[in-house]
Each structure stands twice: as structure tokens, then as C-alpha cells.
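The block underneath contains the structure these notes are about, expressed in C-alpha cells.
Every number here is computed from the coordinates shown, using simple stated rules; none is lab data. What you are looking at is a predicted structure, and each value in this text was computed from that prediction instead of being measured. When we count neighbours, we look across all protein chains shown, and the Cβ atoms used for this are built from the backbone with ideal geometry, even at glycine.
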Amino acid sequence: MVYDLIIVGGGPAALSAAIYSSRKELKTLVLCKKIGGQVSEAWEVENYLGLGKIKGTDFVRKMQEHVRMFKNIEIKEDAMVNKIDKEEKEFKVSTNSESFISKTVLIASGSKPKRLGVKDEGKFTGKGVSYCATCDAPMFKDKEVIVVGGGNSALDAALELSVIAKFVYVLDISKEFIADKFLVEKVLINKNVKAIHNAKIVEFIGDEKGFIKGIIYENLGDNKKNNLIVQGVFVEIGSMPALVKEAIKLNEKSEIVVDNNNMTTEPGIFAAGDVTNTKYKQIAVSVGEGAKAALAIYEYLNS
């Protein structure tokens, strides 16, 4: 079978594109690890037009229900794309287990959490160090934790943890949070939340079983080091593109460079959402970019 479009990814950009391509009667295949992308890890979404405040899991469920309305969209989960090859006028898209042929490809693989780069970070991942508060917060009920970061994702994680954990420290490398002001106020009004600015983690401390029991952080103002006894560290310092390695142009941030029609430097391969050089990484922006990409792909196929 030859598809008109294969979409790599399962987040808002990918699913928006799938709906638009289906409406244009393009034979579409979605390949993804799981439906929802990073949205599935969001505690709450408050800025998507028409939905008001909604939990990330409920938002994903609504996206799934919408996409499932279109019977000509084929979705394969647990399908991680690792290679895209050009074969004459078509593309072969390969996962670890099988390959598919398509006339066009849309890369909407989103982004993945950035790491701190602190020694033993990998050693303690899953043993106190987490990159998903929504996934792991329940395991830290009545414990003391740290959220690292100063943006919306960090404050969102702190808000979620504030109703579960005994105490939440928010460790920010900057002198003030860059998160939305209303979110900062919403978090810091909680008596069990404390902000520590101008600081960075320099060392993890483990217990005899190999789990986190504390951290050492450095005050960037006076270079003094301080200890904090905690049982969990939630890293929320942003994300980087989750790329399919391809012979397409990337910028200095390893984001896929696209034109106004979401075309990459390889004709027939398009990209949309957080994986691209689009400036603003927001759900609403990704949904719009996915729709725009699908319409551009339809025009490309009919040109």
C-alpha cells in the first residue's frame, strides 16, 4: 500500500494534520509512540480556546475521540520511526519492526525533556529524578521534593505537586521566574511551596538503596553550596526536538527549518509543531501548524 501521507508523531500538531488530511481524502497513516505527546503529561491546560480549564489527560481523550471520528485515518501506536529514505518519487518510513511507503511525510514528533547534565542524573532517573510530574507525582505523597525550572512547565509541576507532596521547593537558575505571572502567584500562595532563585543543582545525594535522599545546590550569587533533604527531583527546564534523523536542514537548536508552507529542505517532507523552528511552543500554535501543513501537503500532491 502507498499512503498519500505518513505523519510521524501523535501530539496536537500530528493529530490536527491527520484530521485535515482526512477531510481532503488523503490516505493517511499516523505513526507514534503514544497518542497525546507531551500534552498527556500536562497537569492542566487553561489556555486552549473553547475548553477553559481541562486536565491534560482529558484533553488527550478529546483529541483521540475527534480523530477516531474519521475512519480513513490509520493509527499505529508503539511505532517509533527511526529512518526515512527517499525512493524515487516516494518515501520509505521505517520503524523497528516494519516499513511503510508514502508520497509525503509530515514530521510532528514533538520534543523531549532537557536534562540537567549533573553527574549521576541518569543513575537516579526513576529513583527520585523524574521528568514528568503528572506521571510520577503520586509516588511522592507526603514527601519533600524539588522542581527545577522557572517556566510554565516548572510552575505547573509545582502546582500539581503542592496538593500531593509535603513540601515543594522550586529551584530556579534565574533571579525571577519567566512563567506567566498568574501561574507564579497561584503556585506561591501555597504555604508548602518555597522558591529558591539564582541557584543550580551541582550534586545528587543517594541513600544506601540507590534512591535520592537529597541534593547540593550552588548559590550563583555567592557561590556557596547548600544541602536540601528531599526524596524527589522533578526536572522541568524545557525540551528539545525529538527528531527523526534526516538529511534536512536544522538550526542551531536542532529544530527542523521549515518555510511558510511547513516544507523542509527536502521536497515532500514537511514538519510541524515543537520539532520545528516555529518560535512559540504552544498547543494552539501546534494545532494551527498541523492544519496548515496538511493543507500545504494537499496542494503539493495536487500540483
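Each Cα pair of the chain feeds into the Kirkwood radius, which the Stokes-Einstein equation turns, at 25 °C and 0.890 mPa s, into a diffusion coefficient of 120 µm²/s. In percent, rounded to a whole number, the relative contact order of the chain is 21, using alpha-carbon pairs under 8 Å and six or more apart. With the radius of gyration and the Kirkwood radius both derived from the Cα set of the stretch 115-235, what is their ratio Rg to Rh? For the stretch 115-235, the value is 0.94. Among the cysteines of the chain, those whose beta-carbon sits 4.7 Å or more from every other cysteine beta-carbon are Cys32. Ordered by the count of other Cβ atoms within 10 Å of each Cβ, fewest first, Leu295, Leu5 give Leu295, Leu5. Of all beta bridges that DSSP places with both ends in the chain, some 45 percent have antiparallel geometry.
In this label model, Glu46 and Met69 are separated by 2.8 nm, measuring between points 7 Å along each Cα→Cβ vector. Can you pull a Stokes-Einstein diffusion coefficient for the stretch 1-118 at 4 °C (1.567 mPa s), Rh from Kirkwood over Cα pairs, as a whole number of µm²/s? Value of D from the Cα-based Kirkwood radius: 86 µm²/s. For the stretch 1-41, the relative contact order works out to 52 percent when only alpha carbon pairs closer than 8 Å and six or more residues apart are counted.
Here the peptides 54-60, 128-134, 219-225 are ranked by packing, the mean other Cβ count within 10 Å, and the order with the highest first is 128-134, 54-60, 219-225.
Cross-linked pairs Lys55/Lys279; Lys166/Lys200; Lys55/Lys292; Lys83/Lys213; Lys62/Lys186; Lys103/Lys249: Cα-Cα separations exceed 29 Å for Lys83/Lys213. As a test, work out the antiparallel percent of DSSP beta bridges whose residues both lie in the stretch 1-152, rounded to the nearest 5. Within the stretch 1-152, antiparallel bridges account for around 45 percent of the total. Note on Asn302 and Glu176: the extension gain reaches 40.3 nm, defined as 0.36 nm multiplied by sequence separation minus the Cα-Cα distance. For the stretch 165-303, the Kirkwood hydrodynamic radius comes to 18.7 Å, computed from all pairs of different C-alpha atoms. Arranged from fewest to most other beta-carbon atoms within 10 Å of their beta carbon, Ile248, Ile256 become Ile248, Ile256. Under the criterion of Cα pairs below 8 Å and six or more residues apart, the relative contact order for the stretch 115-235 equals 31 percent.
Taking the square roots of 5 times each eigenvalue of the Cα gyration tensor of the stretch 58-115, largest first, gives ellipsoid semi-axes of 24, 18, 11 Å. The ranking of Met240, Met263, Met139 from fewest to most other beta carbons within 10 Å of each one's beta carbon is Met139, Met240, Met263.
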